[in-house]
Amino acid sequence: MGPGPIDQVQVAVCDPWHPDARHCLQGYFGELSDRFDGGFDPARSIPAEDRELTPPAGLFLVATLHAEPVGCGALKFHHEAPAEIKRMWVAPAARGLGLGRRLLTELEAHAAAHGVRVLRLETNRTLAEAISLYRTSGYWEVAAFNEEPYAHHWFEKTLGTAEKPAGR
């Protein structure tokens, strides 16, 4: 058996202003708007602005399959505080390939390479696939650490361990 589609996916750091990144962000925002009760307004959400997703403040990953953008994820670094995972999205046509897990693994590797020990993220209750991915990838549900109006679940992971965060 030859390589599968996931083996043909390329994941790389990308400028958030690049057309492939813009395509993914448009898909991300559109899907949230469709799936969230009452839609999604980025202006009400805690920002993850382009400048925050560009080194050294953060980074943006884009996954491509046959040169087409099919997924993304981002990191926001915070000096001596947990980093945040933002903008995780996989195009509907690329779902079921394991791309979400691959993007998450790549984000964790980039975070570790930048000296990050703890990653955090928040998500909406309607994103059951994402919640399952985070739980099966060693993220533990924690108390709310921000006031994101669209979040119902907050997660944290200490890199290099599958242990529950201290004090939880």
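Coordinate-derived values only; no laboratory data. Source: prediction; values computed, not measured. No Cβ is skipped: glycine too gets one built from the backbone with ideal geometry, and neighbour counts run over all protein chains shown.
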statement: Simple SL model, points at 7 angstrom along Cα→Cβ for Asn146 and Thr126; separation in nm is 2.0 nm
Separation of the Arg135 and His18 label points, Cα + 7 Å toward Cβ, nm: 3.4 nm
message: Relative contact order for the chain: what percent, with Cα pairs under 8 Å and sequence separation of 6 or more?
response: 19 percent
query: For the stretch 1-56 and the stretch 107-140, what is the separation of their Cα centres, given in Å?
result: 15 Å
- prompt: Per residue of the chain, what 222 nm ellipticity follows from adding -39500 (n - 2.57) for every DSSP H run with n ≥ 4, rounded to the nearest 500?
  reply: -8000 deg cm²/dmol
query: With a sphere of radius 12 Å drawn around the Cβ of Trp89, what net charge do the other residues whose Cβ falls strictly inside it have (Lys, Arg +1; Asp, Glu -1)?
result: +2
Charge sum, other residues only, whose C-beta stays under 13 Å from Leu121's C-beta, Lys/Arg counted +1 and Asp/Glu -1: 0
field: Net length gained if the chain between Arg117 and Thr54 were fully extended (0.36 nm per residue, minus Cα distance)
entry: 20.7 nm
statement: Residues other than Arg22 with Cβ under 14 Å of its Cβ, Lys/Arg counted +1 and Asp/Glu -1, net out at -4
query: Counting pairs of Cα atoms in the chain, how many percent are more than 30 Å apart?
result: 11 percent
query: Within the stretch 1-81, which chymotrypsin sites (Phe, Trp or Tyr not before Pro) sit in a loop by DSSP and count at most 15 neighbouring Cβ atoms inside 10 Å?
result: Trp17, Phe36
task: Fewest Cβ neighbours within 10 Å first, please rank His78, His66 accordingly.
output: His66, His78
